[in-house]
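Participant: Questions regarding the structure given below will be posed in turn.
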Amino acid sequence: MTLRMKKIVSLAASLGLAASIALPAITFAQGLNANDLGVGAIQGEIKLGSGDVRQTAARIINVALGFLGIIAVVIVLLGGFKYMISGGNEEKTHEAKQLIVAGIIGLAIILSAWAITAFVIGRLLSATAQQ
């Protein structure tokens with residue numbers, strides 16, 4: 001690309017960025033109210049959760065760690081399956097052993113992450129509990 005072409009491309013990119021920043025401000029210059037955003041249309045039909053945000057975060061983390069644990073167990077099972085069907089081939093058994101070790105290391109990391117998370121969330125909940 002020539003220097004002139006680079007300048008044209010950078011000018012076009014700059015103008016595009018400026019337009020993408022300025023256009024929303026221009027279009028909503030009259031101001032927004034709740035009815036413009038559709039808040040009046042739902043009229044209390046949406047029920048928001050009344051649970052504690054910290055407990056919700058803990059549940060989300062536990063579910064994510066559970067999925068990761070399932071994936072690690074599947075990796076260990078896959079390594080075991082590959083080991084069983086390797087037929088004595090050194091390359092295949094080495095690959096299978098690496099999968100098993102990687103899965104076990106992953107499980108150890110996931111379990112330690114769960115323990116740390118449970119400890120921190122528990123301390124957070126007890127420290128901020130209303131007495």
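Coordinate-derived values only; no laboratory data. These numbers come from a predicted model, not from an experiment. Ideal geometry is used to build each Cβ from the backbone, glycine not excepted, and the neighbour counts take in all protein chains shown.
Participant: Please compute the net charge surrounding ALA12, taking Lys and Arg as +1 and Asp and Glu as -1 over other residues with Cβ under 14 Å from its Cβ.
Facilitator: Net charge around ALA12: +3.
Participant: Something else: Quick one: what are the phi-derived ³J(HN,Hα) couplings along the stretch 51-64, Karplus 6.51/-1.76/1.60 with θ = phi - 60°, whole Hz, x for glycine and proline?
Facilitator: So the Karplus estimates, Gly and Pro as x, are x, 6, 5, 5, 5, 5, 4, 5, 5, 5, 5, 5, 5, 4 Hz.
Participant: Right, here's the next one. Multiply the residue gap between SER86 and MET5 by 0.36 nm, knock off their C-alpha separation, and tell me the result in nm, one decimal place. Mind showing how you got there, number by number?
Facilitator: Working: separation 81, 0.36 × 81 = 29.16 nm, distance 5.73 nm.
My answer for the length gained is 23.4 nm.
Participant: Also: How high is the FRET efficiency between VAL53 and ILE109 when r is their beta carbon distance and R₀ equals 25 Å, given to the nearest 0.05?
Facilitator: Plugging the Cβ-Cβ distance into 1/(1 + (r/R0)^6) gives 0.40.
Participant: Sorting check: for 53-61, 93-101, which peptide has the highest mean count of neighbouring beta carbons within 10 Å, and how do the rest follow?
Facilitator: Packing order, densest peptide first, comes out as 93-101, 53-61.
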